[in-house]
Structures are given as structure tokens and as C-alpha cells.
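Structure, as C-alpha cells:
The values are calculated or read from the model by the stated rules, or taken from the named source; none is laboratory data. Given the structure is predicted, the values throughout are model-derived calculations rather than measurements. Ideal geometry is used to build each Cβ from the backbone, glycine not excepted, and the neighbour counts take in all protein chains shown. What goes into the accessible areas is simple: the full protein's heavy atoms, side chains included, and nothing from ligands, DNA or RNA. Shrake-Rupley method; radii C 1.70, N 1.55, O 1.52, S 1.80 Å.
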Amino acid sequence: MRLADAAPVHTRAIAATHSVLTGWGAGEGASVTIVRPDGVEDLRAALQSAGLRHALPRGMGRSYGDAAQISGGLVIETTGLKRIELDGERGTVTAQAGGTICELLREVVPAGWMVPVVPGTQHVTVGGAIASDVHGKNHGTAGTFGTHVEAISLLQADGHLVELEPGMSDRQFEATLGGMGLTGIVVDARIKLSPIPGAMLSVDTDRVRSLDGALAALSARGGPYRVAWLDLLCADAVRGLVTRAEHVDVPGEGAAVVRARATVPRRGAAGAFRPAIVRAFNALRYASAPRTERGRPVPFGRHMFPLDSLGAWPRLYGRQGFLQYQLVVPTGAERVLELVIERLRRGRVPCYLAVLKDFGPENGAPLSFPLAGWTLALDIPRAAPGLEPLLQGFDRAVADAGGRVYLSKDARLRPETVRTMYPRLDEWRAARDRVDPERVWCSDLARRVGLV
């Protein structure tokens, strides 16, 4: 399965640079040493160079908070590991850790295959998708990205390259899914693909005038890719657009990926988001959408990765950036969604993007985020007054309902909250510590919330 030689090799010196990293949502930076290996030998050299420092693998850096940085430590950037091999007979693709979802799609879609689960951006690496066990708009039918991973080659802290498969007695495979890069470096992975008729989707759209309307529309029969955009800045009741999409075989070529049509500059447009501006944009978006539309053909990339059409879009939030607060609550706990939205609106805390999706059953990975129910993701400026006390109240409501907050998006959870939200945390720690007793792998997130 491996795309790289697993045999031990003599390590060599590897060039290092120093930099300050932040998450995708900006925030406090971390001073780190960065190395960029392009093979297993370089990976081992990087580990050897870490010495007594903590180390952490990093892909495209699309975690919103501090999950992909380690202050004072060594960041091993995997974006140089790019090899991808498609096995059309078996319907699998083996990809090195630094290959992105975009690059995978370019390889497999022309051959009639689809990566079964993709997140909301195509700019996530295979290693990052596994470390965060990412989900997409079709979790209710397809589960997480890790559900479709058949095997992983993992470089451990001691330099050994091991192959992991689901259900192994040491539970290392499950600890690595959603393990936030804290079990080792994913070198490559074999992923089971899904056959598709083409890169076009048939999209159904409905306007809704309430949260209940959005929940009902998401629960209705339709395509597997389901999502609701909610406008929380409108003066009246919450409104939004719900789409349900499925693959179809229609004439014409639909692009599986999307190109950025523009990039937000570092100056000028940076910090352009203001409540009044976003409110006007939301009103236009809602009014421009059909009340009800069925079967509109839309290219896969345009529908699945809308934000990727604008490069560096977090700069619109200004220097302080933004937080994304993504929660999930079980079916039957919809009252928590109502509470969160009501308190945001009552407190006049601007939420510039709100996305609601349905989730199917959770998998066997102890730190995987999804569980059967509803997930709500909220993009909020860090500078919003009174934000932290408000979010702490959300934390309590979510935890009391048996829900959790997504670690890959988090920038401010506390250790006691994480212990409540992730009741299998000790199980994960035990599996992790068996292969990294010196606790070489670490991150600012892991330190802050007590994962390590």
C-alpha cells in the first residue's frame, strides 16, 4: 500500500526555518521552527532534529484555531508529500499526506470516481482530513472521511513506519482518526472511492423562514449532500436557504474543483466585514434565490466549495480574525440550536456565516466529532463584545445535551469542558501513550485543552 519505502534509513540534515504561525481564523500566533520534508528519510531527519522539543505535523493550515501549531516546537509541514496512485480496478486511491482534496479530485473524477467525503474546502490535505476526521454535507449517508480509509502508513515518534488498519487490537487506527496529528505523521493512506456518473450535481433549493423550517427541509427526502445557510442578521425571524444535491449524468462537463476568481489583499479590503455590509449581502442572497427549485444542474466544485472562489477570505475579518464555533447536539436536543441562535441575536453578537447540517451515527474513533443529530457552525468576529461569556454559556448547554464542539475549529475550549464533551478521551490517551510515551507529538490545542 505504501508509496514510500518503509525500511529504516540513515537520516540526513534537513533545512529549517523560523516563522510565526496562526490558524485559518487568525488569532494569537505561535513562534515555531518549520521543516518541509519530501520523503520518509526527510521525515525521520526532521524527527531527529526535534531533539527535546515537541513536534507536530501540519498540512495546509486550514484548522481554524491552534490545532496545527506548537509554540517553541517543530512543525513538520507535509505538503511536499504529493504522490497519488489510482487503482481503478479496486476503486481505491493511495495518496501521500500532502496531497489535497483538490488534487485527489483532479485525479479520480475523470476516471469516474469520487472521494466519498469532502469538507467545505478543497484545500485540505489527506493527512489533515484524517487528523480531523473531516465530515461533509453527506455525513447522514456517508459518515466521515475516515470511514472510507482502508489503511494508513504512520510514522511514529521513534522513527518506525507502521501500517494501520481498522479494528487492530492496539486501536491506533481509531486513535489516529480525529487524533489531531498527535499519534504520528500520516505518510500515506488508501481510500475507498465511490463511482459517479459525472461531476455534475442536481440541486434542489428551498427558502425557509425559521429554524424549524430549515430542520424540516433537511429532513425531507432528497440528495445526500444536504446543507442549510441561515441568515442570523436579518431583523425579523431567522431565514435561510436549504439545498439537497445528488450526482447526475447530464450533458456537459462539470468541474470537480473550483478556482479562486479573486484574492483578498492584505490591505484595503482587509477588515471589510461589518454587520451592515453582511446584512445587505445576506438580504440579496436570500432574495435572489428561488422560493422552490428542483433539479438545477450545478458543477460539483461550485456547489461544494463556494468559499474557495475567494482566496484568503479570512482577511475580510481584519487583523483580529474570527472564531468558528461548530457544535453538534443529538437528535431531540434541537432546543440547544434555538438557544444558541436566540442568545446570539439577543446579545447583538454578529454572526456573519451560519451553516446547519444533519449528521448520521458516530464512528468508532474516540475523538471523532460527529454524532447522530445536528451540527451548527457559526463564524463570529473575535472582536465582538461579550463573546467569550456567551460562548461559555453555549459550551454548557451543548455539553449538558450530550453534544460537543469540533476541536479542529476550536480556539478557546477549557480542559474540563473537553473531558465532558469527549467521554472517551482517556481511551484515546491510553492508545496514544502506548506508541508515544515521551509525548513528542504536541500542539497548542493539546496543551490548552489537556489532550496530552
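Which count do you get for residues in region 162-202 that are buried (at least 21 other Cβ atoms within 10 Å of the Cβ) and part of a strand (DSSP E or B)?
So the count comes out to 10.
Considering only region 206-232, how many residues are open to solvent by 20 Å² or more (accessible area, probe 1.4 Å), assigned to a loop (DSSP other than H, G, I, E, B) and either at pLDDT below 95 or touching a helix residue (DSSP H, G or I) at 6+ places or on another chain (Cβ under 8 Å) (or both)?
So the answer is 4.
How many residues does region 342-394 hold that are under 22 Å from Ala214 (Cα atoms), touching a strand residue (DSSP E or B) at 6+ places or on another chain (Cβ under 9 Å) and of a type in the set (D, E, K, R)?
Looking only at that region, the number is 3.
Would you mind stating whether Pro251 is closer than 20 Å to Phe300 by Cα and without any contact (Cβ under 8 Å) to a residue 24 or more places away in the chain?
The answer is yes for Pro251.
Residue under question is Glu293, and the condition is that it be over 28 Å from Leu387 (Cβ atoms) and either open to solvent by less than 10 Å² (accessible area, probe 1.4 Å) or among the charged types (D, E, K, R) (or both); does it hold?
Taking the combined requirement at face value, the residue satisfies it.
Tally the residues that are part of a strand (DSSP E or B) and under 17 Å from His123 (Cβ atoms), restricting the search to region 287-335.
Summing the residues that are part of a strand (DSSP E or B) and under 17 Å from His123 (Cβ atoms) in region 287-335 gives 3.
Pick from region 66-114 the residues that are assigned to a strand (DSSP E or B) and of a type in the set (Val, Ile, Thr): which of them is farthest from Ser194 (Cα to Cα)? Talk me through it step by step, then tell me what you get.
Applying the first criterion (assigned to a strand (DSSP E or B)) to region 66-114 yields 74-77, 84-87, 92-96, 100, 113-114.
With the extra rule that they be of a type in the set (Val, Ile, Thr), the set shrinks to 75-76, 84, 92-94, 100.
On the way: Val75: 34, Ile76: 31, Ile84: 17, Thr92: 9, Val93: 11, Thr94: 14, Thr100: 18 Å.
Across region 66-114, the extreme among qualifying residues is Val75.
Need the failing condition index for Ala262 against (1) farther than 25 Å from Ile101 by Cα; (2) surrounded by fewer than 12 Cβ atoms within 10 Å (Cβ to Cβ), just the number.
(1)
Considering each residue of region 311-338, count those that are small (Gly, Ala, Ser) and closer than 25 Å to Arg259 by Cα, and give that number.
Residues in region 311-338 being small (Gly, Ala, Ser) and closer than 25 Å to Arg259 by Cα: 4 in total.
When the residues of region 1-37 are narrowed to those that are modelled with pLDDT under 90, among the charged types (D, E, K, R) and assigned to a loop (DSSP other than H, G, I, E, B), which ends up surrounded by the most Cβ atoms within 10 Å (Cβ to Cβ)?
The selected residue is Arg2.
Considering only region 179-201, I want to know if a residue exists there that is more than 21 Å from Thr243 (Cβ to Cβ), without any contact (Cβ under 8 Å) to a residue 24 or more places away in the chain and among the polar types (S, T, N, Q).
no
Within the set of pairs 6+ apart or on separate chains, which have a first residue in region 264-286 that is part of a loop (DSSP other than H, G, I, E, B), a second that is charged (D, E, K, R), and C-beta atoms under 6 Å apart?
Short answer, once both residue conditions are applied: Val264/Arg315; Ala270/Arg315.
Show me the helices (runs of 4 or more DSSP H) entirely contained within region 343-452 in which 2 or more residues are touching a Cys at 6+ places or on another chain (Cβ under 9 Å), surrounded by fewer than 17 Cβ atoms within 10 Å (Cβ to Cβ) and not β-branched (Val, Ile, Thr).
Numbers: elements: 387-400, 415-421, 425-435, 444-449.
Correct list: empty, since no element meets the threshold.
Name, by its number, the condition in (1) more than 29 Å from Glu28 (Cβ to Cβ); (2) open to solvent by 40 Å² or more (accessible area, probe 1.4 Å) that does not hold for Tyr286.
Unmet condition: (2).
Among the residues of region 233-259 satisfying the criterion of being of a type in the set (A, V, I, L, M) and out of contact with any helix residue (DSSP H, G or I) (no Cβ under 8 Å at 6 or more places or on another chain), which is least open to solvent (accessible area, probe 1.4 Å)?
The extreme case among them is Val248.
Looking at Ala67, Ala50, which one is open to solvent by less than 20 Å² (accessible area, probe 1.4 Å), modelled with pLDDT under 95 and within 17 Å of Cys442 (Cβ to Cβ)?
Ala50
What number of residues within region 120-138 are surrounded by fewer than 24 Cβ atoms within 10 Å (Cβ to Cβ) and among the hydroxyl-bearing types (Ser, Thr, Tyr)?
1
Using the structure shown, decide if Thr121 is hydroxyl-bearing (Ser, Thr, Tyr), under 18 Å from the mean Cα position of the chain (by Cα) and not in a helix (DSSP H, G or I).
yes
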